[in-house]
Amino acid sequence: GAVVSQHPSWVICKSGTSVKIECRSLDFQATTMFWYRQFPKQSLMLMATSNEGSKATYEQGVEKDKFLINHASLTLSTLTVTSAHPEDSSFYICSAVKPGQGAREQYFGPGTRLTVT
Amino acid sequence: KQEVTQIPAALSVPEGENLVLNCSFTDSAIYNLQWFRQDPGKGLTSLLLIQSSQREQTSGRLNASLDKSSGRSTLYIAASQPGDSATYLCAAPFSGGYNKLIFGAGTRLAVHP
């Protein structure tokens with residue numbers, strides 16, 4: 001199998017502060033990781049694609065200066081929510097793709113619940 | 001533009017029933033389709049991945065089929081159990097892509113003893 005971890009599993013921060021979420025592929029190297037956001041009782045929405053060694057690509061409507069993504073190694077991508085506001089409170093989930101040709105199965109992390117007060 | 005729809009939105013059944021969950025997608029030029037399970041407050045567990053060249057995949061009591069021409073996939077759960085209670089999500093790649101996924105809204109399943 002393939003294991004993806006996230007840290008922290010939950011975090012509470014004050015409005016205006018920044019918080020960093022880590023996504024790690026534990027038993028494989030991932031050149032590509034994805035970050036999703038899920039609001040209560042809604043489905044996952046793709047925020048951005050994290051590419052090792054290059055800039056992340058963001059989906060339409062996602063502010064790149066607010067959601068900073070760094071994919072510094074083949075096993076780690078980080079998402080930093082800057083100047084967080086209560087509306088940023090959500091469940092953030094990352095996924096990682098095993099390298100190879102063609103369409104590959106994605107492996108998802110357990111998620112990080114962010115609450116901004 | 002790829003859109004994914006799941007029907008029904010919620011389902012409550014007694015234990016032992018055989019279930020069919022439906023997923024439809026608008027762009028049939030997909031490389032694969034995945035079914036996931038999500039427990040409340042948790043991440044996603046991949047259940048089945050069907051490649052575009054396949055028509056179905058099976059894992060235990062689960063069977064997923066894919067009909068690209070009609071833009072539909074179904075997840076069949078045999079002999080449902082209370083432990084099957086969760087939200088089931090299907091996901092298809094974005095139009096023109098093969099790794100970026102777009103998710104349906106999910107089917108919330110409750111299996112009661």
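Among the residues of the stretch A:9-28, what is the count of those that are exposed (fewer than 15 other Cβ atoms within 10 Å of the Cβ), of a type in the set (D, E, K, R) and within 15 Å of A:Y107 (Cβ to Cβ)?
1
Of all strands (runs of 3 or more DSSP E) completely enclosed by the stretch B:34-106, which ones contain at least 3 residues that are touching a strand residue (DSSP E or B) at 6+ places or on another chain (Cβ under 7 Å) and buried (at least 18 other Cβ atoms within 10 Å of the Cβ)?
B:44-51, B:62-67, B:72-77, B:86-93, B:101-103
Within the stretch A:1-55, which residues are among the charged types (D, E, K, R) and under 30 Å from B:A9 (Cα atoms)?
A:R37, A:K41
Which one is farthest from the other protein chains (Cβ to nearest Cβ), of the residues in the stretch B:82-107 that are in contact with a Pro (Cβ under 9 Å, 6 or more places away or on another chain) and modelled with pLDDT of 95 or more?
Within the stretch B:82-107, the match that is farthest from the other protein chains (Cβ to nearest Cβ) is B:P82.
Which condition number in (1) assigned to a strand (DSSP E or B); (2) more than 12 Å from chain B (Cβ to nearest Cβ); (3) at pLDDT below 95 is the one that A:L46 fails?
Evaluating A:L46 over (1) assigned to a strand (DSSP E or B); (2) more than 12 Å from chain B (Cβ to nearest Cβ); (3) at pLDDT below 95 leaves (2) as the failure.
Out of all the residues in the stretch B:81-93, is one or more in contact (Cβ under 8 Å) with a residue 40 or more places away in the chain and over 23 Å from A:V3 (Cα atoms)?
The answer is yes, given that some residue of the stretch B:81-93 is in contact (Cβ under 8 Å) with a residue 40 or more places away in the chain and over 23 Å from A:V3 (Cα atoms).
Is it the case that some residue within the stretch A:21-40 is in contact (Cβ under 8 Å) with a residue 60 or more places away in the chain, among the β-branched types (V, I, T) and within 11 Å of chain B (Cβ to nearest Cβ)?
Among the residues of the stretch A:21-40, at least one is in contact (Cβ under 8 Å) with a residue 60 or more places away in the chain, among the β-branched types (V, I, T) and within 11 Å of chain B (Cβ to nearest Cβ), which makes the answer yes.
All but one of (1) touching a residue at least 60 places away in the same chain (Cβ under 8 Å); (2) away from chain B (no Cβ under 14 Å) hold for A:K55; which doesn't?
Status for A:K55: all satisfied but (1).
Restricting attention to the stretch A:78-100, report how many residues are touching a strand residue (DSSP E or B) at 6+ places or on another chain (Cβ under 6 Å), within 14 Å of chain B (Cβ to nearest Cβ) and closer than 18 Å to A:L26 by Cβ.
Within the stretch A:78-100, residues that are touching a strand residue (DSSP E or B) at 6+ places or on another chain (Cβ under 6 Å), within 14 Å of chain B (Cβ to nearest Cβ) and closer than 18 Å to A:L26 by Cβ number 5.
Looking at B:A110, B:A64, which one is touching a Leu at 6+ places or on another chain (Cβ under 6 Å) and either of a type outside the set (S, T, N, Q) or in contact (Cβ under 8 Å) with a residue 12 or more places away in the chain (or both)? Write out each step before concluding.
Values: B:A110 fails: touching a Leu at 6+ places or on another chain (Cβ under 6 Å).
Matching residue, one of B:A110, B:A64: B:A64.
What number of residues within the stretch A:21-43 satisfy the criterion of being touching a Pro at 6+ places or on another chain (Cβ under 9 Å) and part of a strand (DSSP E or B)?
Here the count works out to 3.
Tell me, which residue of the stretch B:4-55 that is facing chain A (nearest Cβ under 9 Å) and of a type in the set (S, T, Y) is farthest from A:F108 (Cα to Cα)?
Going through the qualifying residues, I end up with B:S52.
Could you count how many residues in the stretch B:26-39 are at pLDDT 90 or above, over 20 Å from A:V97 (Cβ atoms) and not acidic (D, E)?
Residues flagged as at pLDDT 90 or above, over 20 Å from A:V97 (Cβ atoms) and not acidic (D, E) within the stretch B:26-39 amount to 1.
I'd like the residue in the stretch A:62-84 that is more than 21 Å from A:S15 (Cβ to Cβ) and part of a loop (DSSP other than H, G, I, E, B) and, out of all such residues, is nearest to the chain's Cα centre (by Cα).
Looking at residues that are more than 21 Å from A:S15 (Cβ to Cβ) and part of a loop (DSSP other than H, G, I, E, B), I get A:T75.
Kindly establish whether A:L114 is assigned to a strand (DSSP E or B), within 20 Å of A:I12 (Cα to Cα), of a type in the set (A, V, I, L, M, F, W, C) and away from chain B (no Cβ under 14 Å).
no
Please give the number of the condition A:T31 fails out of (1) surrounded by 13 or more Cβ atoms within 10 Å (Cβ to Cβ); (2) on the phi > 0 side of the Ramachandran plot.
(2)
The values are calculated or read from the model by the stated rules, or taken from the named source; none is laboratory data. Every value quoted in this text rests on a predicted model; they were computed, and no experiment measured them. Using ideal geometry, Cβ is built from the backbone for each residue, glycine included, and neighbour counts are taken over all protein chains shown.
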